[in-house]
1. In the structure shown, do any of 126/345; 437/605; 209/357; 483/567; 448/496; 99/208 have a Cα-Cα gap over 24 Å, and if so which?
2. Compute the relative contact order of the range 495-611 as a whole-number percentage, counting only Cα pairs closer than 8 Å that sit 6 or more residues apart in sequence.
3. Please work out the C-alpha center-to-center distance from the range 577-608 to the range 271-306 and express it in whole Å.
4. Once you have a ≥ b ≥ c as the square roots of the Cα gyration tensor eigenvalues for the range 390-456, tell me rounded if a/c is under 1.5, and otherwise prolate or oblate according to whether a/b is larger than b/c.
5. Between residue 335 and residue 447, with labels modelled 7 Å along Cα→Cβ, what's the label distance in nm to one decimal, could you check?
6. Answer with one residue from 116, 80, 105: the one whose Cα lies farthest towards the positive end of the charge dipole of the range 80-194, charges on Cβ with Lys, Arg +1 and Asp, Glu -1.
7. Which Cys residues of the chain have no other Cys Cβ less than 4.7 Å away and so no disulfide-compatible partner by this rule?
8. What value, in deg cm²/dmol to 500, does the helix sum -39500 (n - 2.57) over DSSP H runs of n ≥ 4 give at 222 nm once divided by the residues of the chain?
Amino acid sequence: MRIALLVYFSFISKGDWSLMVPDGKHMKKVQPNLTKRYAELIEEIQVHDTNYHVLDRPTIPDREYDKLYAELKNIEEAHPEIISELSPTQRVGAQALDKFKKVAHRKPMLSLQNSYSEEDILAFDKRVKKVLASEKDIEYFCEPKLDGLAIELIYENGTLVGALTRGDGTTGEDVFSNIKTIKSIPMKLKTSTPPKLVEIRGEVLMQKKDFLKLNEEQQEEGEVPFANPRNAAAGTIRQLDPKIAAARPLRFYGYSLGAFEGIQFKSQDSTQKQFRDWGVPTVAEEIISLVDKADGAVDYYNKIKKLRKALPFEIDGIVVKVNDYKLQDELGFISRSPRWANAAKFEPDQAETQIEKIVVQVGRTGALTPVAIMKPVVVGGVTITNATLHNQDEIDRKDVREQDFVIVHRAGDVIPEIVEVLKDKREKKSKAYYIPKECPVCGSEATKVEGEVVLRCPNPLCDAKLKESLKHFVSKRAMNIEKVGDKLIDSFVDNKLIGSYSDLYKIKIDQVLVLERQGEKSAQNIIESIDSSRKPSLSRFIYALGIRFVGEQTAKILAHHFGLLDKFLKTNLEELVEIDGVGPKVAQSIIDAISQDSFKKEIQKIIKNGVDIQGEEKKISSERFKGLTFVITGTLPMDRDEVKKIIESHLGKTSGSVSKKTSYVLAGEAAGTKLDKAQELGVKVLSWEEFQSLLAE
Ligand code: IVH
């Protein structure tokens with residue numbers, strides 16, 4: 001067991017730490033310089049994390065940051081006994097939980113009274129004045145109402161020690177392991193005089209741009225996309241394995257207090273300022289406002305309503321709070337909401353329409369996705385007709401049926417989503433919808449892979465799969481055949497002009513001309529566009545093939561590693577898992593693809609039809625490293641990719657993991673576990689200088 005928990009830090013004055021490690025029954029002071037440096041690194045990395053994740057203003061290049069991180073890791077690996085819970089390396093715990101623990105809130109987490117208009121804000125102001133028995137103008141603190149999930153951070157003596165969901169308001173769930181992975185949340189408050197206790201409440205959410213990117217990745221990996229940013233954030237926090245949260249771009253914004261001890265707070269605005277000074281993220285100062293009377297809150301409501309679309313996250317209104325805490329105390333609570341705050345919601349940017357039918361679309365990987373086809377309706381200036389229903393679980397949960405009247409909006413301001421089914425308007429004879437068990441295009445019986453929610457068409461020759469695969473093949477980041485769009489591909493396939501990728505390169509202008517709506521000029525453009533894609537780079541080509549889990553980045557890694565298509569096609573599982581950046585899931589999927597005869601034959605046909613795949617040129621300088629495998633670790637004076645290229649140019653190989661087969665481990669500054677592994681296995685370790693002399697031999 002690691003003894004990290006037994007390590008004590010005592011904060012003497014700003015920046016001055018001393019570290020005590022238990023030594024038998026006594027406490028022993030160890031290597032003050034090292035522990036001082038260790039503490040400095042922790043603080044420094046947190047500052048950079050805040051600059052990067054909170055302020056969007058990194059102050060050092062990534063490489064410098066990586067160096068600090070590597071130095072910290074190096075210390076931890078050499079001295080595991082000093083690992084601090086506050087270290088950035090400890091943000092992702094090793095283990096997934098069985099379930100979340102229930103924990104009582106010290107102070108209940110309440111909800112807000114909702115209202116929906118300017119008049120409601122003025123009515124709220126009247127109620128406040130009435131309870132206070134005063135005619136005087138009230139100062140209000142106004143902020144956006146964030147659409148995520150409420151979380152409470154617990155700091156004891158300045159250290160983050162826990163995080164709870166709101167739960168039922170009285171008892172929440174302990175989601176600390178996931179919350180810790182959010183790098184913008186400081187593990188330690190930036191102060192030399194932290195209070196004994198402070199609970200910071202706020203919202204965890206996913207920004208619109210991060211949500212859209214995540215959904216793209218989900219789709220690329222054949223996973224079910226999230227309906228909206230709030231679901232994505234809530235779903236992530238509910239995962240028991242913190243590694244999942246660590247890989248997703250969650251944010252936290254603090255906006256109110258729970259229990260506290262050893263500190264005084266005067267007002268809402270000074271609390272927000274305190275949060276910021278402590279390094280706790282809050283929403284940008286430009287979108288909060290301290291107003292001297294209710295009219296100001298009304299102006300704020302209208303201003304934010306206009307700004308709403310341009311904000312980086314989804315909001316559903318504003319929150320107006322009496323600024324002065326003394327007045328808040330006087331006002332108190334009514335049932336489960338404070339009398340001193342009011343949420344003025346916006347009319348959501350959504351519209352009512354009717355589902356005409358539910359169709360099932362077949363994706364490139366054969367995934368069957370139900371899609372609602374609706375009467376066109378304008379939401380946020382854009383006409384919506386289709387909304388994905390994801391899968392049967394989602395359809396059941398919302399109870400969506402054909403002919404239903406529904407409310408739609410655009411998740412992340414982009415993706416059409418059914419928010420609500422208007423069940424009152426439903427016809428009596430309406431029946432629940434079930435996704436047919438056959439592929440709607442080829443009629444094959446759909447299959448379900450264990451552990452997945454999606455149904456798939458198993459037929460490799462299914463026309464729908466062919467169309468979607470072709471659409472991916474010609475897409476911008478793949479073969480980039482600009483003039484061949486979705487409609488043309490449908491038409492090519494429907495007219496039996498094309499049955500595979502290779503057929504694209506056989507197509508003649510006369511055949512294109514036969515298709516309806518193709519004139520001489522546009523047919524010519526199509527042929528030219530296809531021709532211009534005949535010399536793809538290896539990485540584009542690999543990506544275009546549409547192998548499951550092989551996205552653009554993986555394709556680049558593979559192209560770089562293999563250099564030539566032939567080498568890639570002849571690889572094996574052993575070699576693939578050795579490649580830095582290729583995991584076992586991806587490796588297996590590649591093997592599944594390349595071991596199919598039809599796959600290999602198709603590639604031969606593409607080449608035969610005049611596609612010349614450009615190998616990644618590898619300069620060969622000598623055969624000095626032939627048969628040798630290098631593992632590079634730590635920070636070197638030269639970019640790692642450059643070093644790889646040098647090794648490869650002397651016919652050496654590089655690998656991401658150390659094994660008995662490794663010839664050398666090239667260890668730079670702050671090398672970590674790979675160095676330990678080398679020592680353990682007796683693999684020779686080279687310094688940068690030794691590597692240079694080996695090259696010069
Ligand atoms: S203050 C006593 N401020 O709204 C309530 N809440 O209905 C103190 N929310 O669960 C909460 N943005 O998830 C506050 N700027 C904001 C907020 C906000 C969103 C949510 C929060 C809470 C719900 C209350």
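Bear in mind these aren't lab numbers, they're just calculated from the coordinates by the rules spelled out. From a predicted model like this one, the values you see are computed outputs, not experimental measurements. Virtual Cβ from ideal backbone geometry, glycine too; neighbours counted across all protein chains shown.
1. Over 24 Å Cα-Cα: 437/605; 209/357; 483/567; 448/496; 99/208.
2. Values: 89 pairs, mean separation 36.5, N = 117.
That works out to 31 percent.
3. 54 Å
4. Working: a/c = 2.29, a/b = 1.43, b/c = 1.61.
Oblate is the answer for the range 390-456, as a/c is 1.5 or above yet b/c matches or exceeds a/b.
5. 5.4 nm
6. Final value for the positive-end residue is 80.
7. When partners are defined as cysteine Cβ atoms under 4.7 Å apart, the chain leaves 142 without one.
8. Mean residue ellipticity at 222 nm (helix-derived): -10000 deg cm²/dmol.
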